[in-house]
Amino acid sequence: MSKANPHNTPQHPWYILGAGAIGSLWATYGFQSGADIRLILRDQKAVNDYLQHGGIHLSIEGKALICTAPAECPSSLATPIKYLLITTKAQQTLDALNSIKPHISDHAVLLLLQNGLGIVEHIRQAFPLATILQGSTTEGCYRQSAYEFVHAGHGHTYIGNASQDHLQDDTRLTEIANTLSFPPLAISISDNIDEILWRKLAVNCAINPMTVIYNCRNGELLTNPKSRNHMTEVVNEIINVSTAMNRDHWLTGLHELVIDVATSTAQNRSSMLQDVQAGRRTEIDAITGYLCQLAKKYGVDVPINQQILSEINRISALDKC
Ligand SMILES: NC(=O)C1=CN([C@@H]2O[C@H](COP(=O)(O)OP(=O)(O)OC[C@H]3O[C@@H](n4cnc5c(N)ncnc54)[C@H](OP(=O)(O)O)[C@@H]3O)[C@@H](O)[C@H]2O)C=CC1
Ligand SMILES: CC(C)(CO)C(=O)C(=O)O
């Protein structure tokens with residue numbers, strides 16, 4: 001892995017699709033660094049709201065940063081999009097991309113920065129000539145109100161070629177990472193992004209749905225013997241799937257990693273718990289759902305994860321009644 005050097009001016013603007021917590025984080029630091037950032041919002045009403053609000057307000061350690069980058073919506077986009085950072089939730093990605101498809105250049109760079117897996121395969125089909133990159137971040141940001149966000153925790157971001165998409169030239173990947181490394185956000189390129197994403201998926205399988213089932217913060221999963229044991233069972237099944245995929249070496253120390261993440265984010269309400277409590281669709285299909293699909297493909301039984309998938313779908317459906 002090599003560290004990206006944040007001193008590059010993009011020749012084309014970076015468009016950001018998904019101006020929520022993570023998208024707004026990148027937009028604000030990018031705007032503050034003088035980069036050419038454009039937001040893509042859902043519709044003209046969202047653009048008007050954004051303008052009326054005076055842009056995005058991001059607080060970090062008592063400081064307030066403002067981003068007034070230009071905002072567009074599918075009906076107002078005019079120039080072809082060459083660089084697109086996608087920061088929607090996993091389940092929103094395909095609809096969001098479809099809404100701007102005619103404006104995306106054939107050879108665009110599409111960087112998917114989100115939790116969950118399985119979406120990239122659909123994007124590859126829809127944009128066969130595009131360069132598709134994936135990223136994983138441990139930055140922490142949350143929304144306080146419509147356009148107000150809090151950068152709650154510094155982390156690190158890795159980006160790399162999604163499997164099967166190999167850039168001709170690795171220096172191009174470094175250049176792309178450079179154009180998005182806005183201080184204090186740190187981006188490194190990884191030649192094994194699949195491993196990073198798989199480990200993150202495993203952590204999300206072991207924590208996010210469990211916080212919904214036990215209705216608790218991340219740290220409480222460890223103090224309740226029942227949920228702690230349940231997490232161990234989830235992780236054991238993920239290791240079995242990895243072994244069947246011949247990728248068990250990717251999950252060295254997974255039990256310890258899950259405990260470390262639950263400990264370091266002990267006070268968090270996981271994103272899935274927040275989604276359920278707010279009546280929003282969760283990322284379960286791209287997290288546990290994706291794991292269960294792979295398990296089926298490789299002939300591995302994952303009854304605990306299957307049960308968790310059904311339970312989260314049941315709880316989400318109840319919330320909608
Ligand atoms: N927040 C965090 O700290 C972290 C998040 N992640 C991951 O990053 C990803 C993004 O998370 P986060 O930023 O928190 O999520 P948010 O829900 O805050 O942001 C998603 C944004 O996408 C927008 N969106 C959805 N559909 C469309 C569309 N069709 N057109 C335009 N905009 C659209 C949403 O708008 P609307 O509100 O109108 O639906 C929302 O603003 C997720 O996969 C998450 O798991 C990973 C690490 C940390
Ligand atoms: C790491 C964890 C579990 C932190 O809350 C997360 O990624 C999430 O909530 O989506």
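The values are calculated or read from the model by the stated rules, or taken from the named source; none is laboratory data. Source: prediction; values computed, not measured. So basically every Cβ, Gly included, is an ideal-geometry build from the backbone, and we count neighbours across all protein chains shown. Accessible surface areas use protein heavy atoms only, side chains included; no ligands, DNA or RNA. Shrake-Rupley method; radii C 1.70, N 1.55, O 1.52, S 1.80 Å.
Computed over region 80-200, the percent of Cα pairs more than 20 Å apart is 44.
Over all directions, average the projected area of the Cα convex hull of region 69-111 and note it in nm².
Value for region 69-111: 3.2 nm².
Largest GNM mean-square fluctuation across 183, 74, 225, computed for the chain with C-alpha springs under 10 Å, falls on 225. Inter-label distance, residue 314 to residue 33: 4.7 nm, where each label sits 7 Å from its Cα along the C-beta direction.
Normalised size of region 267-321, defined as Cα radius of gyration per 2.2 N^0.38 Å with N residues, equals 1.23.
Between amide H atoms placed 1.01 Å from N, distances below 5 Å from residue 81 occur with 104, 105, all of them 5 or more places distant or on a separate chain.
If you look at the Cα atoms of the chain, you get an Rg and a Dmax of 19.4, 56 Å.
Mean residue ellipticity at 222 nm from the helices of the chain, using -39,500 (n - 2.57) per DSSP H segment of n ≥ 4 over the full residue count, to the nearest 500 deg cm²/dmol? Let's see the in-between values first.
On the way: 12 runs with 137 residues, N = 321.
My calculation for the chain gives -13000 deg cm²/dmol from helical runs alone.
Among the listed pairs 89/226; 200/297; 101/200; 89/200; 45/101, which have their C-alpha atoms separated by more than 26 angstrom in this model? Those over the limit are 89/226; 101/200. Put a plus charge on the Cβ of each Lys and Arg, a minus charge on the Cβ of each Asp and Glu, and nothing anywhere else: the dipole of region 2-191 about its Cα centre is then about 260 debye. Solvent-accessible area assigned to carbon and sulfur over region 148-288 amounts to 46 percent, based on a 1.4 Å probe.
Report the calculated FRET efficiency for residue 222 and residue 106 (r = Cβ-Cβ distance, R0 = 45 Å), to the nearest 0.05.
Numbers: r = 48 Å, r/R0 = 1.07.
Taking R0 as 45 Å, the efficiency between residue 222 and residue 106 is 0.40.
Report the Cα centroid-to-centroid distance between region 214-247 and region 41-107 in angstrom, as an integer. Region 214-247 and region 41-107 have Cα centres separated by 36 Å.
Considering only 62, 219, 279, the mean-square fluctuation computed in a Gaussian network model of the chain, springs between alpha carbons under 10 angstrom, is largest for 62.
With distances taken between every two different alpha-carbon atoms, region 2-191 has a Kirkwood hydrodynamic radius of 16.5 Å.
With viscosity 0.890 mPa s and temperature 25 °C, the Kirkwood radius over alpha carbon pairs of region 4-92 converts through Stokes-Einstein to a diffusion coefficient of 181 µm²/s. Report, as a whole number in µm² per second, the diffusion coefficient that Stokes-Einstein gives for region 195-320 at 10 °C and 1.306 mPa s using the Kirkwood radius over alpha carbon pairs. Answer, rounded: 110 µm²/s. Amide H contacts under 5 Å for residue 38: 14, 15, 16, restricted to partners 5 or more places along the chain or on a different chain, H placed in the peptide plane at 1.01 Å from N. For residue 243 and residue 75, the FRET efficiency from 1/(1 + (r/R0)^6), where r spans their Cβ atoms and R0 equals 56 Å, is about 0.70.
When the chain is treated as a Gaussian network with alpha carbon springs shorter than 10 Å, the biggest mean-square fluctuation among 223, 263, 137 belongs to 223.
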